1. Compute the Cα gyration tensor for the range 226-367, then decide on rounded, prolate or oblate, letting a ≥ b ≥ c be the square roots of its eigenvalues: rounded whenever a/c is under 1.5, prolate when a/b is larger than b/c in the other cases, and oblate in all that remain.
2. Obtain the nm distance between the two label points defined at Asn211 and Glu45 by a simple spin-label model: each point lies 7 Å from its Cα along the Cα-to-C-beta direction.
3. Take Phe361 and Tyr116, extend 7 Å from each Cα along the Cα→Cβ direction, and tell me the distance between the two endpoints in nm.
4. Pulled fully out, how much extra length does the chain show between Cys335 and Lys15, if you take 0.36 nm times their separation in residues and subtract their Cα-Cα distance?
5. Assigning unit charges at the beta carbon (Lys, Arg +1; Asp, Glu -1) and nothing else, what dipole magnitude in debye, to the nearest 20, does the chain show about its Cα centre?
6. Neighbouring Cβ atoms within 10 Å as the yardstick, rank Ile147, Ile351, Ile2, Ile95 fewest first.
7. Compute the FRET efficiency between Asp248 and Lys185 as 1/(1 + (r/R0)^6), taking r as their Cβ-Cβ distance and R0 = 30 Å, and round to the nearest 0.05.
8. For the range 329-370, give the magnitude of the charge dipole about the Cα centre (Cβ charges: +1 Lys/Arg, -1 Asp/Glu; no others), in debye to the nearest 20.
Amino acid sequence: MITLKQIGKVESNFKEKEDPFVMRKQVSRIILEIDYTEGLYRLSEVPYIQVIFGFHLSDGYSLKGPVYTGETRGVFASRSPNRPSPLGVTTVKLIGIENNILTVSGLDAVDGTPVYDIKPYASVFDETGEEPPEKEWTFPDPRSEIIRFVRAEDIKACLLKAGTIHGHFCPGLASGVYVSVMAMKKLYSGNGNRTCSDGMEKMIVITETNNCFSDGIQVVTGCTFGNNGLIFYDIGKTAATFLIRGKDTGFRIRMKPDFHTILEEKHPEFSRLFQRVVRERAGTEEDIAAFKIKGREACFGLLSIPFDSLFECKEVKTMLPSYAPIFDNVICYRCREQLMESKAVRKNGEIFCKQCGGSGFSRLTGEGIIQ
Ligand SMILES: [Zn+2]
Ligand SMILES: [Zn+2]
């Protein structure tokens, strides 16, 4: 058995454990024991260093558990701080060295963390030298990238992703993204439950509007119409309730009435063009082009307005619907198309779809749910 020598400690603004993706954005310092200072000779020549430190706050371990995407993995297949030898290794950017003090960025260690070793990051040792495997064969968790953004509270990166399904950048989309990132932070904070939404109905969102706002919600939370994680209340309020199964409280976040006044003050040109292009449908080609540019500005600009001045968040108790039932399929007697049994119409002992059976059905359109 070898004995580890503590060579220094971390000085950080984080006094207690935070999300590593949030912590890695911070600059921190490593204070080396003065007797080891000579060992730093020529370290300043490298841009990145590896820091080996102790997870001194970790308490026991389990061999299998959830990782940040919510998937279950073995401890040696994870970066969990709770491990048989509670050691962490992080590659950080070396900003500077002054005597026995190193300034670094990207270190996910709290204030007072013991440091056991420092090594230069060297690509010849730290990279395999092989081509990374073809992406399509590795099947990464499809939500891992967006969850990383959510956990780092990188709302801008989430918004860029949301643009891929929404098609344009607008303040409504930004609002949906903004409230979802904040709601997920609240839902998952401090309960040791590191499970994020995985499209399996563990997390549920009730949205109260079918517009741009709801697209931002779907991308960030992963709760969609298709995976039944998204429930729609047709009441036309820019508001949504965020819930997790197994917890009886969630959060309802609504847009404050001042929202539009604030937006108009900050982006008057956008509001004018919105009126012309969208409300009156009277915009020229130039107006439409300008509207898109101004929309993008208002969209990304929204993220720098304090959350509390735009939205209100309340803890709520809500009964969650049960998991979406799985229905068998049947064949319509007339058109021979397949449909869910629960939607079938029975007439004279035969099964029909609603269209062939002459029964009305609801539609979700821009106007909401209509008959
Ligand atoms: Zn939009
Ligand atoms: Zn039919």
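1. Oblate is the answer for the range 226-367, as a/c is 1.5 or above yet b/c matches or exceeds a/b.
2. Output for this residue pair reads 6.2 nm.
3. 6.2
4. Going from the current span to full extension adds 108.6 nm.
5. Here the chain has a charge dipole of around 1200 debye.
6. Ile2, Ile95, Ile351, Ile147
7. Computed FRET efficiency for Asp248 and Lys185 comes out at 0.95.
8. Here the size comes out at about 120 debye.
We did not get these values from a lab; they are worked out from the coordinates using the rules stated. All values reported here derive from a predicted model rather than from experimental measurement. Cβ sites come from the backbone with ideal geometry, for glycine too, and all protein chains shown count toward neighbours.
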